[in-house]
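The values are calculated or read from the model by the stated rules, or taken from the named source; none is laboratory data. These numbers were taken from a predicted model, which means no experiment stands behind them. Here the Cβ positions follow ideal geometry from the backbone for every residue, glycine too, while neighbour counts run over all protein chains shown. Please note that ligands, DNA and RNA were not included when accessible areas were found on the heavy atoms of the full protein model with its side chains. Shrake-Rupley method; radii C 1.70, N 1.55, O 1.52, S 1.80 Å.
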Amino acid sequence: MMQKELVFDTTLEINMNNLVANLNYFRSLIQPKTKIMAMVKAFSYGLGTYEIARLLEQNGVDYLGVANTYEGIELRKEGIQLPIMVMKPEVESFDLVIENNLTPAIFSLYALHKLIEALKINASFNIYHPFLISIKIDTGMHRLGFDEKDIAELINNIKKYPFLKIESIFSHLAATDEAEHDNFTIQQIKSFNHFASFFENEFEYHIDKHILNSNGIIRFNDAQMDMVRLGIGLYGVASDLAVQQQLLPVSTLKSKIAQIKEIPSGETIGYNRKGVASKNIKIATIPVGYADGLSRRLGNGNWSMLVNGQKAPIIGNVCMDMVMIDVTNIECKENDEAFIFSDENPITKMAKQIGTIPYEILTSYSPRVRRVFKH
Ligand SMILES: *Cc1c(COP(=O)(O)O)cnc(C)c1O
């Protein structure tokens, strides 16, 4: 029997050419010798699992960054060969980090201790073929990372085990997108260089240094060091307006009108009768709801979709699997497309509308939403 393919109503379309264009835009901002770690954590900011990692691999990024061991293993299963750094490896599963050739970010003496335990069982590493680690330094974000008081013990411990080699040290900037915190950011960079000097004095081999995220690349370009960690910028979002205009849109969320109804004045629409027809109106039902990731806070006029190029406000509450929009003055028919977000109706605006950031919007769309990759 021929395999039938399900045609999804609601799709998150990812423009792969634009993603590569964004990568190249950031490349143009850094020195040719500066390496790029592309952040593909949370399934490439919600846009795909291995597809984007593979595209980035083909386009010559140097490193991939994921949040946890599971994400790293998933990429290895799909045949991704690039080095992969795990920002918060599970300390009980260092055996899997080792087995899958992932680079753990080591952020505490306890984590180092657990890694060494796992490496002692796995005897294949030695001074000629060391296991590579990255050291995470806390310079003010106060999330994960070594404080200065533990550095001496850290260095002593690493020196004791010649099967370990520090590939890089890094830190994370807390506020690269807000000018009011620029002095703090500069202080973080200074502090990082201070930390780095301990390692440079104690180890003979070269250790890569990195601290910049996307907005850091744009705003603190001098601190690119050996590598930068590029995330949201790849996916088409920057806090700087001029840069935002240089980036190309990567994601579009669209669906199709399931049904159109004429609603007489005085009727109500949806749960708890929150939508009210104050005159005779025409509505369209769209099969996307909060279970897909469309925030319920966008209901009751807080967001508009685009239908045939015109704004159709959400009317009433967002349901789990559906939502109604007002298409009174829009020429449309069933099965026409409705754009939930797109270049004309961007996630930056959607984020502002509900008091969050584009990162949260992107990563909120559930696996139920079909990802479609356009080349
Ligand atoms: C997510 C992340 C980045 C990328 O940040 P963007 O703002 O998306 O560029 C960089 N470094 C670390 C440690 C991260 O967790």
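Descriptive notes on the structure:
- For the stretch 121-211: relative contact order, % (alpha-carbon pairs under 8 angstrom, 6 or more apart): 32 percent
- The chain: projected area of the alpha-carbon convex hull, averaged over directions, in nm²: 22.9 nm²
- Sorted on the mean count of surrounding Cβ atoms within 10 Å across their residues, most packed first, peptides 150-161, 244-255 read 244-255, 150-161.
- Estimated inter-spin distance, residue 156 and residue 280, nm [label 7 Å along Cα→Cβ]: 8.6 nm
- Sulfur and carbon atoms: percent of accessible area, the chain [1.4 Å]: 50 percent
- Between residue 29 and residue 242, residue separation times 0.36 nm minus the direct Cα-Cα distance comes to 75.3 nm.
- Relative contact order computed over the chain (Cα-Cα under 8 Å; 6+ residues apart), in percent: 18 percent
- Where N is the number of residues in the stretch 251-374, Cα Rg divided by 2.2 N^0.38 Å: 1.00
- Among beta bridges from DSSP that stay inside the chain, the antiparallel ones total about 45%.
- Considering only beta bridges that DSSP places wholly inside the stretch 16-238, some 5 percent are antiparallel.
- As a length-normalised measure over Cα pairs under 8 Å and 6 or more apart, the relative contact order of the stretch 222-322 settles at 21 percent.
- Antiparallel content of DSSP bridges confined to the stretch 26-123, in %, to 5: 0 percent
- Restricting the stretch 116-162 to chymotrypsin sites (Phe, Trp or Tyr not before Pro) in coil, as DSSP defines it, with at most 12 other Cβ within 10 Å: 128
- In this structure, residue 129 and residue 70 have a Cβ-Cβ separation that, at R0 = 25 Å, corresponds to a calculated FRET efficiency of about 0.40.
- A simple spin-label model places the labels of residue 149 and residue 193 2.7 nm from each other, with each point 7 Å out along Cα-to-Cβ.
- The trypsin sites (Lys or Arg not before Pro) of the stretch 33-87 that DSSP puts in a loop, and whose beta carbon has at most 13 other beta carbons within 10 Å, are 33.
- Accessible area of residue 360 in the full protein assembly, 1.4 Å probe (Å², nearest 10): 90 Å²
- For 56, 82, the ranking by accessible surface with the largest value first comes to 82, 56, using a 1.4 Å probe.
- Measuring against 30 Å, Cα to Cα, the residue pairs 274/349; 88/160; 136/352; 136/374; 77/149; 352/374 contain 136/352; 136/374; 77/149 as the ones spanning a longer distance.
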